[in-house]
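Okay, so here's the structure we're looking at.
The values are calculated or read from the model by the stated rules, or taken from the named source; none is laboratory data. Just so you know, these numbers come straight off a predicted model, no measurement behind them. Positions of Cβ are backbone-derived with ideal geometry, glycine not excepted, and every protein chain shown enters the neighbour counts.
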Amino acid sequence: MNTKSIHFKITFFFSLFLFIATGIIFSSFYIVTSRILFKEVDKELLLHSHNPSLFNDVPGMVITILDQNGIIKQSSISLDTPYMSYRYLYDTAVKSSQESYVNQNIGNTPMRFMVKPVIIDGELSEVLLIAHPIEAIQKSLNILLSTLGIFFALFILPTILGARLLALKILKPISVIADRMDDITSVNLNERLETSKTNDVIEKLTTTFNNLLDRLEQSFTRERQFIGDVAHELKTPIATLKSGIEVVLSKERQKQEYQNALTETLIDTDRLSLLVGNIMDLAWIGANKNTTNYEKFSLSDALKELKEISIKLATKKQIRIKSSIFPNIEMVGDESKIIRAILNIVDNAIKYTKNKGIVSVSLRKRKNKVVVTVSDNGIGISATDLDYIFERFYRGSKTAKTVGSGLGLAIASGIIKAYNGDIKIESQIGKGTIVKITLPL
């Protein structure tokens with residue numbers, strides 16, 4: 001028997017609850033019954049206590065009077081009655097100023113005593129003891145106790161069986177869900193569990209699992225798309241390398257021709273290296289956030305260095321790089337990753353800004369956040385493209401003539417969000433683009 005299974009636990013605790021509840025009910029019934037019977041005896045004893053001399057000859061009744069020291073003054077039974085002790089009854093009278101009731105045997109006969117102290121001038125004068133036989137009551141209570149015990153014992157087996165059946169009924173919907181879940185694999189991730197409209201934990205479990213399947217299906221779809229996109233992006237430079245090398249090797253060539261071929265090969269190799277680097281950045285973004293580095297660094301100084309890099313990137317197109325960097329702003333994070341994200345944005349701005357255009361970079365502090373703004377007066381991004389601009393390998397409708405892998409903005413967005421930041425883009429065709437990056441300090 002698996003004592004750790006939920007089926008066993010439901011059976012065990014349900015049975016235990018019923019046993020305890022039944023035990024309490026039977027015990028309460030026994031106690032209430034005994035109190036009712038003894039209460040009737042107590043009424044009769046109290047009635048006799050008002051004039052005890054009239055009942056000396058009543059069969060079964062016992063009347064005894066003790067003095068203030070507990071010595072017998074008068075008794076309806078022999079003083080040498082075996083197994084009869086008045087000491088406890090006297091002590092009971094001394095402790096209480098009112099009548100009290102005690103069960104005590106006289107010989108082998110169970111008796112119900114009323115102990116009534118007689119107080120005169122604030123002192124104990126004598127103790128009146130009146131007893132009534134309760135042998136019939138005790139026998140009745142014993143029979144009742146035995147009957148309840150038998151019923152309780154007979155109740156055990158049906159209770160356990162009922163608890164097992166109840167556990168099976170409770171767990172049946174979960175078993176059905178488990179079997180259905182086991183049938184769903186990567187091949188049929190589009191299938192879903194049927195949701196019961198019961199508004200209970202079963203419905204919640206089914207809904208939660210369906211939501212999990214939605215996320216898994218989306219993840220598998222993105223993974224397949226990503227693998228396809230990577231394969232497509234790698235295919236072009238590899239094919240170019242292969243064809244170029246085949247052409248060069250097809251016949252003997254001059255030294256200059258070999259140099260030109262090697263130069264073209266180097267360009268394609270650089271393109272492959274860039275793509276592999278971007279893919280590694282995407283892998284870092286997809287990893288657990290615990291892998292991110294958190295070190296304090298000067299964002300202001302880092303952006304000043306980024307400006308120098310941007311100037312070099314913009315030299316060929318004679319683009320002017322303007323900056324407005326608030327000094328002494330420090331933050332916690334991986335400096336290289338955060339600067340890589342911002343550089344990707346600046347690089348995009350340079351690529352899609354016409355010759356002799358302007359690209360601006362600014363850094364401002366706003367309460368417990370920093371805002372990095374990159375703006376340009378380039379060709380702009382259409383409203384349609386803005387909805388997909390951060391997707392991997394996505395390239396806008398006006399980027400066909402511009403070299404790129406379509407990963408820059410996706411990487412930038414992933415890095416910023418990995419540090420609980422936010423990135424927003426505003427753009428107009430023909431007027432330019434503004435990118436705002438917000439990061440927590």
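The table that follows gives values for the structure above.
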{"quantity": "Number of the exception - residue 11 against (1) closer than 18 Å to residue 145 by Cβ; (2) touching a helix residue (DSSP H, G or I) at 6+ places or on another chain (Cβ under 9 Å)", "calculated": "(1)"}
{"quantity": "Search result, residues across region 429-441 that are surrounded by fewer than 18 Cβ atoms within 10 Å (Cβ to Cβ), touching a helix residue (DSSP H, G or I) at 6+ places or on another chain (Cβ under 9 Å) and in a strand (DSSP E or B)", "calculated": "438"}
{"quantity": "Boolean, residue 159 is touching a helix residue (DSSP H, G or I) at 6+ places or on another chain (Cβ under 7 Å), of a type in the set (S, T, N, Q), part of a helix (DSSP H, G or I) and within 28 Å of residue 8 (Cβ to Cβ)", "calculated": "yes"}
{"quantity": "Scan of region 114-132 for residues that are more than 14 Å from residue 90 (Cα to Cα), part of a strand (DSSP E or B) and out of contact with any strand residue (DSSP E or B) (no Cβ under 6 Å at 6 or more places or on another chain), ordered by number", "calculated": "120, 123"}
{"quantity": "Residue within region 159-173 that is more than 30 Å from residue 20 (Cβ to Cβ) and either outside the structural domain of residue 21 (by TED's automatic domain parsing) or in contact with an Asp or Glu (Cβ under 7 Å, 6 or more places away or on another chain) (or both) present", "calculated": "no"}
{"quantity": "Residue list for region 352-365, restricted to those being buried (at least 18 other Cβ atoms within 10 Å of the Cβ) and of a type outside the set (Phe, Trp, Tyr)", "calculated": "353, 357, 359, 360, 361, 363"}
{"quantity": "Index of the failed condition, residue 113 passing every other in (1) surrounded by fewer than 13 Cβ atoms within 10 Å (Cβ to Cβ); (2) in the same structural domain as residue 99 (by TED's automatic domain parsing)", "calculated": "(1)"}
{"quantity": "Region 1-54, subset more than 35 Å from the chain's Cα centre (by Cα) and of a type in the set (Ser, Thr, Tyr), residue modelled with the lowest pLDDT", "calculated": "53"}
{"quantity": "Residues (closer than 27 Å to residue 391 by Cβ and small (Gly, Ala, Ser)) located in region 227-273", "calculated": "228, 231, 239, 273"}
{"quantity": "Close pairs (9 angstrom Cβ cut-off, 6 or more residues apart or separate chains): over 17 Å from residue 114 (Cα atoms) in region 59-84, at pLDDT below 85 and surrounded by fewer than 16 Cβ atoms within 10 Å (Cβ to Cβ) anywhere", "calculated": "81/107; 82/107; 83/107; 83/108"}
{"quantity": "Cross-chain or 6+ apart pairs with Cβ under 6 Å, region 296-311 first and among the β-branched types (Val, Ile, Thr), then outside any helix (DSSP H, G or I)", "calculated": "311/321"}
{"quantity": "Pair list, Cβ under 7 Å, 6 or more apart: region 109-138 residue farther than 20 Å from residue 71 by Cα and in contact (Cβ under 8 Å) with a residue 24 or more places away in the chain, other residue in a helix (DSSP H, G or I) and of a type in the set (S, T, N, Q)", "calculated": "110/138"}
{"quantity": "Per-region count, region 5-51, residues touching a residue at least 60 places away in the same chain (Cβ under 8 Å), more than 18 Å from residue 139 (Cβ to Cβ) and β-branched (Val, Ile, Thr)", "calculated": "4"}
{"quantity": "Qualifying residue in region 324-337 (condition: under 17 Å from residue 431 (Cα atoms), assigned by TED's automatic domain parsing to the domain that holds residue 431 and in contact with a strand residue (DSSP E or B) (Cβ under 7 Å, 6 or more places away or on another chain))", "calculated": "no"}
{"quantity": "Residues of region 142-171 that turn out to be buried (at least 17 other Cβ atoms within 10 Å of the Cβ) and either at pLDDT 90 or above or touching a strand residue (DSSP E or B) at 6+ places or on another chain (Cβ under 6 Å) (or both), as a count", "calculated": "1"}
{"quantity": "Extreme residue, modelled with the highest pLDDT, among residues of region 73-107 that are in a loop (DSSP other than H, G, I, E, B) and surrounded by 16 or more Cβ atoms within 10 Å (Cβ to Cβ)", "calculated": "99"}
